[in-house]
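What follows is one structure encoded as structure tokens, with my remarks underneath.
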Amino acid sequence: MLRMSRLKKVLVGSAFAGAFLFAAPAAGADELPAPVIDSAGFLNGVRADLAKLGVATAPVDQAVTEGIDQALGAAAHRVAQATGIIAEPITPAQPAAPANSVTPANSATPAAAQADYQTAPGQQGHPGQPLTNPEPLGLAQLERATQPDFKPQVADPNYVFKNDLFSKIAAGKPMADFVLHRVPGSYFDAPRIPEESNQALGRGNSLYGPGTPIYVGQNSMCTLTAAGYDNAGNKVGLTAGHCAEPGEQVLSADSWQVGPTGTVVDKNAYLDYAVIQFNDKAEISNSYNGVTAHAVGGTARPGDVACKHGVATGTTCGMVYTQGSEKQFNQVCAMMGDSGAPLMKNGAVIGAISGGVGPISCRTPWQGALHVPSTATTMDSIVADLNRRGGVGAGFRLQP
């Protein structure tokens, strides 16, 4: 059994995030009721989930969590008095609509961008839950209630700048001029469109590399694991299998104006990966938005730190718990939209983010390690399966 004596400090240090999430208002009455905050119960739930994976953690310090509960309860009351917020009841299954999105009358928005980006349910035999839980905690109500008059003119409803205090604090950037939201339910400051993508757009093309955000079909916004070539010289991309079905078209979410630049040609539901064949409007790169892949494959040992790069939560790192031939469990922060994101170690793409082991995904940097572990499919197993199957993707390699 893997023991982590330092995890107690991480969990207690992250208790603010758990209490912050559960303190979100969900009332529809004339006044905001006092939130019920139980950070000790929340932390013990996380400890129980980790125990199922064989990870032992120290007991929660009840005195510390009670102090956190009292302080946050008082803070929530002061915030309610200061803002006069009266939250409306929500339907947890509905993604949060971008509140500050304004589409100019002369702008064309892709059909994929107009959909609610909730990826497909998990496949049979897949051990993790897909990262598809859009808005279970009601934070969007507080966010919408605190929006100022600032409304940037944007053409993509999934590229929304916010400058209200709640959004900036939730993103961990209270002094920023504004933060960017790209996935409903995420309170991270999302990755911007990089200059290299804009340059490709100027040539009438879409650029693809590790971590590129993509629209798949009409219902999914996910992240590209890697882009390269196969033995036949086809331009090929990989992403999570639960994001895609064969025959669906693929667009870059950073240059959707180009239109479809790829088609899903194959998938493996058990390993949870999909193969994309790009057309002549796609440019392939080993580098994208500050992320460079030097190799594909390799493993990590328990205790190592791996990092992922996704459209919803950006670049986040966490400890590896277990490493198998096909699946890896880690404490990397990920949520809806990060499916397919490259998991990297020492410049190599060692896995593709697949799902979360439980319902509590990572939605704000305040959570720290206070979220369920993530699962990733190993790149070694994906490449081996591509070679075994043959066809598009066999012999996958990065651009020389």
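Just so you know, all these numbers are worked out from the coordinates, no wet-lab data involved. Everything quoted here is computed from the prediction, not taken from an experiment. Virtual Cβ from ideal backbone geometry, glycine too; neighbours counted across all protein chains shown.
Arrange the following residues from fewest to most other Cβ atoms within 10 Å of their Cβ: CYS317, CYS333.
Final ranking by Cβ density, sparse to dense: CYS317, CYS333.
Which cross-chain or sequence-distant (5 or more) residues have an amide H under 5 Å from the amide H of THR316, H modelled 1.01 Å from N in plane?
For THR316, whose amide H was placed from the backbone, the distant partners under 5 Å are LYS308, GLY310.
Rg(Cα) of segment 241-376 divided by 2.2 N^0.38 Å?
1.06
Got a sec? How would CYS362, CYS307, CYS222 order by Cβ neighbour count within 10 Å, fewest to most?
Ranking CYS362, CYS307, CYS222 by Cβ neighbours within 10 Å, fewest first, gives CYS307, CYS362, CYS222.
Which ³J(HN,Hα) values, rounded to whole Hz and listed in residue order, are derived for segment 362-379 from phi using the Karplus coefficients 6.51, -1.76 and 1.60 in 6.51 cos²θ - 1.76 cosθ + 1.60 with θ = phi - 60°, glycine and proline given as x?
Per-residue couplings from phi come out as 8, 10, 8, x, 5, 5, x, 8, 8, 7, 5, x, 9, 10, 9, 8, 5, 5 Hz.
Check which residues have an amide H placed less than 5 Å from LYS235's amide H, if you skip close sequence neighbours.
Distant-sequence amide H within range of LYS235: PHE278.
May I ask you to evaluate 6.51 cos²θ - 1.76 cosθ + 1.60, the Karplus curve with θ = phi - 60°, for each residue of segment 198-203 and list the ³J(HN,Hα) values in order in whole Hz, giving x for glycine and proline?
Values, residue by residue: 5, 5, 5, 4, x, 8 Hz.
Rounded to the nearest Å, what's the spacing between the alpha carbon centres of segment 376-400 and segment 149-226? Just the number, please.
Between the Cα centre of segment 376-400 and that of segment 149-226, the gap is 29 Å.
Explain nothing, just compute: Karplus ³J(HN,Hα) = 6.51 cos²θ - 1.76 cosθ + 1.60, θ = phi - 60°, for every residue of segment 317-326 in order, whole Hz, x for Gly and Pro.
Rounded to whole hertz, the list is 10, x, 7, 7, 8, 9, 9, x, 6, 10.
Quick one: which of LYS235/LYS267; LYS173/LYS345; LYS308/LYS345; LYS267/LYS327 span more than 21 angstrom between C-alpha atoms?
Over 21 Å Cα-Cα: LYS173/LYS345.
Given H placed on each backbone N at 1.01 Å, which residues far from THR322 in sequence or on other chains put an amide H within less than 5 Å of it?
When sequence neighbours closer than 5 places are left aside, the close amide H contacts are PHE329.
Taking the Cβ of each residue in ASP280, ASP272 as the centre, tally the other Cβ atoms inside 10 Å and list the residues starting with the fewest.
Ranked by crowding around the Cβ, least crowded first: ASP280, ASP272.
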